[in-house]
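Colleague: Have a look at this one before I ask anything.
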Amino acid sequence: MLEKRDLILAIAVIVLGATGTYLMLPHRHGSAKPRRVHLIGAVLAGLALLLFATFWRAPASAISSLFFYAFSLAAVAGGLLTITSRNPIHSALWFASVVLSTSGLFLLAGAQFLAAGTVIVYAGAIIVTFLFVIMLAQMEGRAPYDRAARAPGRATFSCFLLFWALFYALLIVRVAPHPKGVAIDTDNERLVRSGEIASSYGLKADHPARLISELARRDTLRMDDISKRPKPHVAGLGEALYTEHLISVELAGTLLFVALIGALAIATPKLPIRPGDPRPQPLTKL
Amino acid sequence: MTPFPFELLMNYLLVGAALMALGMLGFLSRRNLIVMFLSAEMMLQGTALTLVGFGRYHGNWTGQIFTIVILTVAACEASVALALILILFKRRSSLDVTLWNELRESTQAPFEEPTVEEEAESVAPALGPESYPHLTRAGLEPAHPTSPWIERRK
């Protein structure tokens, strides 16, 4: 079970984070000055973030732990500032920092292709969002709907309840002991341990769970080849994508095409039909 | 391949959970349609972090492939959502999502909530004196053209 110290720290993270976020959300807090309330909220949320960082374990090498902490702190702090900024332009900028830090974390987890892909896709998305903000939103966050969150107390409560549930469920997880009763000695053994799930639970050869876990162990889906050497990154990913998940690729392409048609159908300006106008002719001769 | 022990996976799951909860908070509590859209994208980012961490921990590509699919769905969502934002802004000239609460079910009672003006926090006045250009007083008012400017563009 959870140690008492960890439990108290986790509760402190949740309570401080919820209070700080509630104070930072744009909303009228009695007659208090918005700037001062915002400052108190930022201090509380920053404290919660630092306490949250004590639950992370540093990676083995100093360089990667430095980058890991920088990217994770930037991601969570950027996320907090995205949802609490009054000005939508600031929200978009903080969201850009979230995306960049997430792709840094992808890079640390050995997903180079996804890191590049995320930056490319979301850079376009953020630029388009920027255009929309400049076109549509009122500058400086002066619009009343930018300064009034919707039911901030209830929303903060339910979202931090969700966060507490996820947090607690993750904290009480311990690595299962080795099926053969041997202590797991090397990290590499832990890495390949997932391949032994089927045999460790003693599933019969025709058990459906065994079939599924055999499926997850196919050679095309593994990150290392038969001689335990890592595959080249993009080649391995492409092999897995175009052998095991070919239908998903086709479906994704179809989805993009349908979304293109949908966006065009929604956004094309249409002439308003007024009473007295001649009825539009149906397009029969196409 | 460098080892990826369970503790590192836990880091990724914790950060992903935090991003997911923050994105949900933004989606539920903000009124601006554009900020709501950004919050939804942030929830997807948290999920993607979780999937990549799990894939690396188990040593197979499925997590990254799921993330590529998420990226595709996010792109589709962005195109449709921005088209919708454009149309909704054209109708009401405002990005406030609460103006659209008649899109609910016809049998559903409206959600009672205080108006925006009651809840909005006050704007801090700009620091320093506002500087408008000082013009000298003009003499006679010039004669205005009688036709509007659009008709004069020929």
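Colleague: Give me the one-decimal nm value for the distance between modelled label points at B:SER122 and B:ARG91, 7 Å along each residue's Cα-to-Cβ direction.
Modeller: 3.6
Colleague: Further question: Compute the Cα gyration tensor for the stretch B:6-98, then decide on rounded, prolate or oblate, letting a ≥ b ≥ c be the square roots of its eigenvalues: rounded whenever a/c is under 1.5, prolate when a/b is larger than b/c in the other cases, and oblate in all that remain.
Modeller: Oblate is the answer for the stretch B:6-98, as a/c is 1.5 or above yet b/c matches or exceeds a/b.
Colleague: Report the calculated FRET efficiency for A:PHE130 and A:ILE226 (r = Cβ-Cβ distance, R0 = 35 Å), to the nearest 0.05.
Modeller: Details: r = 48 Å, r/R0 = 1.38.
In this case the efficiency is close to 0.15.
Colleague: Another question, if that's okay. Would you look at the GNM of chain B, springs on alpha carbons closer than 10 Å, and say which of B:ARG137, B:ARG31, B:ARG104 moves the most?
Modeller: Looking only at B:ARG137, B:ARG31, B:ARG104, the biggest GNM fluctuation is shown by B:ARG137.
Colleague: Given the C-alpha atoms of the stretch A:4-171, compute the convex hull and give its volume per residue in Å³. Working shown, then result.
Modeller: Details: hull volume 21.8 nm³, N = 168.
Taking only Cα atoms, the stretch A:4-171 has a hull volume of 130 Å³ per residue.
Colleague: What are the ³J(HN,Hα) values, in whole Hz, obtained from phi via the Karplus relation 6.51 cos²θ - 1.76 cosθ + 1.60 with θ = phi - 60°, for each residue of the stretch B:2-7 in sequence order, with x given for Gly and Pro?
Modeller: 5, x, 10, x, 5, 5
Colleague: Then there's this: So what J values fall out for the stretch B:61-76 if you push phi through Karplus, 6.51 cos²θ - 1.76 cosθ + 1.60 with θ = phi - 60°, rounded to Hz, Gly and Pro as x?
Modeller: In residue order, the calculated couplings are 7, 4, x, 5, 5, 4, 5, 5, 5, 4, 4, 4, 5, 5, 5, 4 Hz.
Colleague: Of the residues B:THR50, B:THR98, B:THR136, which exhibits the maximal mean-square fluctuation in a Gaussian network model of chain B defined by a 10 Å Cα contact cut-off?
Modeller: Result: B:THR136 has the largest fluctuation of those listed.
Colleague: If I take R0 = 22 Å and measure r between the Cβ atoms of B:THR2 and A:ALA116 in this structure, what FRET efficiency does the formula 1/(1 + (r/R0)^6) give, to the nearest 0.05?
Modeller: Numbers: r = 20 Å, r/R0 = 0.89.
In this case the efficiency is close to 0.65.
Colleague: Would you list B:GLU102, B:GLU119 from fewest to most Cβ contacts within 10 Å?
Modeller: Details: B:GLU102 7, B:GLU119 20.
Ranking B:GLU102, B:GLU119 by Cβ neighbours within 10 Å, fewest first, gives B:GLU102, B:GLU119.
Colleague: Moving to a separate point now. For the stretch A:124-134, in order, what is each residue's ³J(HN,Hα) by Karplus, 6.51 cos²θ - 1.76 cosθ + 1.60 with θ = phi - 60°, in whole Hz (x at glycine and Pro)?
Modeller: Whole-Hz 3J(HN,Hα) from phi for the stretch A:124-134: x, 4, 6, 4, 5, 4, 4, 4, 5, 4, 5.
Colleague: By the scheme Lys and Arg +1, Asp and Glu -1, what is the net charge of all other residues having a beta-carbon under 12 Å from that of A:PRO232? Present the calculation step by step, with values, prior to reporting the outcome.
Modeller: Working: positive: A:ARG229, A:LYS231; negative: A:ASP224, A:ASP225, A:GLU239.
So the environment of A:PRO232 carries a net charge of -1.
Colleague: Roughly what would the spin-label model give for A:LEU50 and A:ALA165, points 7 Å off Cα along C-beta, in nm?
Modeller: 3.2
Colleague: Moving to a separate point now. Multiply the residue separation of A:ILE266 and A:THR243 by 0.36 nm, subtract the distance between their alpha-carbon atoms, and state the gained length in nm to one decimal. Mind dumping the intermediate values first?
Modeller: Details: separation 23, 0.36 × 23 = 8.28 nm, distance 3.57 nm.
That works out to 4.7 nm of additional length.
Colleague: Would you please give the residues with an amide H less than 5 Å from that of B:ASN60, counting only those at least 5 places away or on a separate chain, with H modeled from the backbone geometry?
Modeller: Amide H to amide H, under 5 Å and 5 or more residues apart or across chains, B:ASN60 pairs with A:MET223.
Colleague: Fewest Cβ neighbours within 10 Å first, please rank A:ARG28, A:ARG147, B:ARG92 accordingly. Each step should come with its number before you reach the end.
Modeller: On the way: A:ARG28 18, A:ARG147 21, B:ARG92 10.
The order, fewest Cβ neighbours first, is B:ARG92, A:ARG28, A:ARG147.
Colleague: Run the simple label-point estimate for B:LEU84 and A:TYR69 please: 7 Å along Cα→C-beta, distance reported in nm.
Modeller: Each label point lies 7 Å from its Cα, and together they span 4.2 nm.
We did not get these values from a lab; they are worked out from the coordinates using the rules stated. Everything numeric here is computed off the predicted structure, so don't read it as measured data. Ideal geometry is used to build each Cβ from the backbone, glycine not excepted, and the neighbour counts take in all protein chains shown.
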